[in-house]
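Contents: one structure, followed by commentary.
The values are calculated or read from the model by the stated rules, or taken from the named source; none is laboratory data. A quick note: this is a predicted structure, and the numbers were derived from the prediction, not measured. Here the Cβ positions follow ideal geometry from the backbone for every residue, glycine too, while neighbour counts run over all protein chains shown. Note: areas computed on protein heavy atoms with side chains; ligands, DNA, RNA excluded. Shrake-Rupley method; radii C 1.70, N 1.55, O 1.52, S 1.80 Å.
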Amino acid sequence: MKLYSLIFNEVTKMVLKKRLYVVLGILVVLISLFAYGEHYTAQKSQEQLVKQSGEAAAGDWRKQTQLQITDLKRRMDNPFVPEAGKSSIRVRAEQLQYYLDKDINPLESTAGRFTSRFIAQAIALFIPLMMILLAGDMVSGELAGGNIKMLLTRPVERWRVLVSKHLTLLLMEGLVLLLTALLSVLIAWIVFRRGGWDAPVLTGFQVHNGQLDASHVRSVTQLQYVVMSYGLAWLVSVSVGALALMVSVIVRSTSAAIGVMMSALIAGSFLAFFISDWKLARYLFNVNLSLTDYLSGSFQPIDGLSLIFSVAVLGAWTLGAVVVSFLVFVYRDVTA
Amino acid sequence: MRNGLFHGLILVSLLSLIILTGGVVGAFAVTGGSGGDETKAVATATPRTGDLKIAVLGDSLAVGTGNAQGQGFGELFAGKIRRAGGVTLTNKAVNGLTTQGLLAQLSGGSLNEAVATADLILLSAGGNDLRGVQAVEASKVAETYPKLKTAYEANMKGIFALLRRLNPKADIMLLGLYNPSGTAGSAEEDRYIREWDSLAASLAAQDPGTLYMPVYDLFRYRAKTWIAADGLHPNKDGYTAIADRMYGSMGSKYEP
């Protein structure tokens with residue numbers, strides 16, 4: 001119960017300090033922008049199609065889609081198409097059939113597709129940034145503001161204080177992701193007016209011998225896919241959050257803590273270029289953040305890189321961050 | 001009131017954690033991220049840098065007829081590849097082989113091992129089928145040609161189907177046709193060769209793992225220098241030109 005009241009105290013601070021609102025505000029703005037962009041692109045490509053093939057042909061997307069399906073089915077029967085490729089052709093035909101059955105133009109976006117696309121874009125930089133904003137001042141803010149003396153003079157062991165902070169962060173990360181999902185569903189629904197939650201989505205790519213193996217490809221529903229994507233985003237959040245909290249324990253000023261973590265994140269997107277040649281780079285946490293790529297199969301297949309590898313790397317960094325944060329927090333002299 | 005809100009917030013967060021954990025479990029399930037699979041991937045990853053197995057099938061071009069040193073494009077191509085594990089080449093080509101003959105060779109089973117173990121299959125066939133046109137009287141050519149073409153197409157489809165049954169993964173390279181007379185021959189014959197060549201290209205395009213390698217252009221203006229004294233096969237320089245082109249397009253794939 002003691003721990004729960006500590007967590008409660010932390011949650012209260014988090015909400016009252018309005019940092020959570022800032023995060024939510026940024027989310028609303030960004031998701032809206034992204035949704036508008038997607039909508040605009042879809043419109044543009046529709047116009048392009050009209051220009052190319054005339055009003056009648058483009059307007060009749062059902063016929064076009066039917067043609068594509070027939071074509072895919074014919075390719076399935078072709079003896080020259082290797083077995084490995086057939087499963088992805090089958091799922092593509094399934095997808096188009098779904099759109100046809102549900103009377104959805106495959107060129108237009110749906111709330112489901114948007115929600116998963118958004119998280120796939122946001123998982124490597126934007127979501128971690130939100131987590132850094134949340135975690136960056138959890139300890140350094142108290143050091144800077146002098147609150148820490150109040151907190152530590154209470155009859156509570158220091159490690160319990162830090163445990164409550166870690167657990168609160170874990171809760172808040174879940175909350176932020178839940179809100180991200182809800183907001184993107186809501187905004188996307190306003191923009192696209194279509195759910196498309198049971199649409200089939202292609203997944204199940206594996207890497208064997210450094211090559212993308214599509215023979216286990218199968219379809220899951222859009223809803224399942226979204227939940228999986230957000231689950232992976234949560235793993236990323238937990239890892240980045242733990243690291244940010246560690247930095248926040250070590251560094252005294254909040255802005256320095258946030259700055260350190262942000263530069264580490266941005267460095268990751270540069271370092272990712274070297275990952276195929278420079279073996280050591282793959283053990284850095286910041287090049288292993290795009291976990292959703294493993295779901296969509298949109299990654300450069302590199303031998304030895306897989307979802308389990310990336311998650312293991314993130315896990316190791318998380319563990320290290322937690323241990324360091326405890327050591328520093330428990331043994332440091334508070335002089336502020 | 002406010003306390004209630006915070007308690008609620010904590011509860012909602014806990015709930016979202018449960019959903020997210022479910023998502024993580026699902027993600028691991030679909031990407032086959034279980035430990036067993038991973039070791040399999042690592043274990044089979046080793047042969048990638050090991051030796052490269054090339055199987056050469058088809059007619060006299062694959063044999064290397066016309067080259068005094070007796071090396072066909074396969075041997076010359078293999079000689080260019082720099083690779084730690086080396087290259088193993090099995091040449092099963094036969095002089096004068098038609099697509100009919102290759103099909104018989106394949107279905108007879110004598111190529112099974114070479115094809116099944118190959119990483120890359122080099123294929124040259126079809127030229128001898130077309131020579132069937134020359135065998136008939138000039139008045140019958142217009143009648144014979146379409147039949148030969150249909151037979152060629154059917155044979156090639158059968159060859160690809162058999163190759164893929166034996167080895168679904170290997171890269172296949174299908175060599176195109178050339179006119180040994182360059183610009184000097186009859187226009188009619190040249191037209192047949194062009195048609196045949198484009199048919200070969202479209203057959204190759206039906207299999208995603210197959211690359212069609214045109215050579216018509218190589219010999220178009222070089223028949224004098226790159227065709228051997230027999231007036232039919234490439235000479236050493238001609239074969240080297242083919243191998244250079246193959247290396248230019250596929251070499252980097254096999255050099256780690």
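Applying D = kT/(6 pi eta Rh) to chain B, where Rh is the Kirkwood radius over alpha-carbon pairs, T corresponds to 25 °C and eta to 0.890 mPa s, the Stokes-Einstein value obtained is 116 µm²/s. If r is the Cβ-Cβ distance from B:ASP217 to B:LYS169 and R0 is 30 Å, what FRET efficiency results, to the nearest 0.05? The pair B:ASP217/B:LYS169 has a calculated efficiency of 0.50. Treating r as the C-beta distance of A:LEU16 and A:ALA267 and R0 as 35 Å, the FRET efficiency rounds to 0.55.
Across every pair of non-identical alpha carbons in the protein assembly as shown, the mean reciprocal distance, once inverted, gives a Kirkwood radius of 28.5 Å.
Using the Karplus relation 6.51 cos²θ - 1.76 cosθ + 1.60 with θ = phi - 60°, the per-residue 3J(HN,Hα) values for region A:275-285 come to 4, 6, 9, 9, 4, 5, 4, 6, 8, 7, 5 Hz, with x marking Gly and Pro. Once each of the trypsin sites (Lys or Arg not before Pro) sitting in a DSSP loop with at most 16 other beta-carbon atoms within 10 Å is removed, chain A keeps A:103-192 as its longest stretch.
Pairs with C-alpha atoms separated by more than 27 Å, drawn from the list B:LYS92/B:LYS149; A:LYS51/A:LYS73; B:LYS140/B:LYS236; A:LYS51/A:LYS86; B:LYS92/B:LYS157, are A:LYS51/A:LYS73; B:LYS140/B:LYS236; A:LYS51/A:LYS86. Solvent-accessible area assigned to carbon and sulfur over chain B amounts to 58 percent, based on a 1.4 Å probe. Between the beta carbons of A:ASP198 and B:ALA229, assuming R0 = 51 Å, the FRET efficiency works out to 0.15 to the nearest 0.05. Grouping the Cα pair distances of region A:244-336 into 10 Å bins from zero gives a pair-distance distribution of 15, 40, 28, 14, 3, 0 percent in increasing distance order.
If the chain linking B:ALA29 and B:ARG194 were pulled fully straight, counting 0.36 nm for each residue of separation and taking away their Cα-Cα distance, it would gain 54.2 nm.
Sorting B:LEU166, B:LEU120 on solvent-accessible area from highest to lowest, probe radius 1.4 Å, gives B:LEU166, B:LEU120. Residue by residue along A:4-16, Cβ atoms of other protein chains within 10 Å of the local Cβ number 2 on average. A 1.4 Å probe over all protein chains sorts B:LEU15, B:LEU232 by accessible area into B:LEU15, B:LEU232, starting with the largest.
For chain B, the membrane-span-like helix rule (DSSP H, alpha carbon extent of at least 20 Å along the helix axis, mean Kyte-Doolittle at least 0.5) picks out B:2-30; this says nothing about an actual membrane.
Under a model in which nothing but the beta-carbon of Lys, Arg (+1) and Asp, Glu (-1) is charged, chain A shows a dipole of about 700 debye around its Cα centre. Partner shielding of A:167-180 amounts to 4, given as the average count of beta-carbon atoms from other chains within 10 Å of each residue beta-carbon.
The angle between the Cα long axis of helix A:111-122 and the main principal axis of chain A comes to about 50°, on a 0 to 90 degree scale.
Please determine, in degrees from 0 to 90 and to the nearest 10, the orientation of helix A:158-192 with respect to the longest principal axis defined by the Cα atoms of chain A, where the helix direction is its Cα long axis. Taking Cα atoms only, the helix is inclined about 30 degrees. The mean count of C-beta atoms from other chains within 10 Å of the C-beta of residues in B:4-15, rounded to a whole number, is 5. Here's how it looks for B:LEU122: its modeled amide H is under 5 Å from those of B:ALA55, B:VAL56, B:LEU57, B:MET173, which are all 5 or more places away or on a different chain.
For the Cα atoms of chain A, what angle does the longest principal axis make with the long axis of helix A:307-331, in degrees from 0 to 90, nearest 10? Around 10 degrees separate the two axes.
Approximating the spin labels as points 7 Å out from Cα along Cα→Cβ, the A:TYR36-to-B:ARG2 distance works out to 3.6 nm. Fully extending the segment from A:LYS44 to A:MET150, taken as 0.36 nm per residue of separation minus the present Cα-Cα distance, adds 32.3 nm.
For B:LYS147, the aspartates and glutamates whose Cα falls under 12 Å of its own Cα, not counting residues fewer than eight places away in the same chain, are B:ASP129. Which shape class applies to region A:261-301: rounded if a/c is under 1.5, otherwise prolate when a/b exceeds b/c and oblate if not, where a ≥ b ≥ c are the square roots of the Cα gyration tensor eigenvalues? Note, shape of region A:261-301 comes out oblate.
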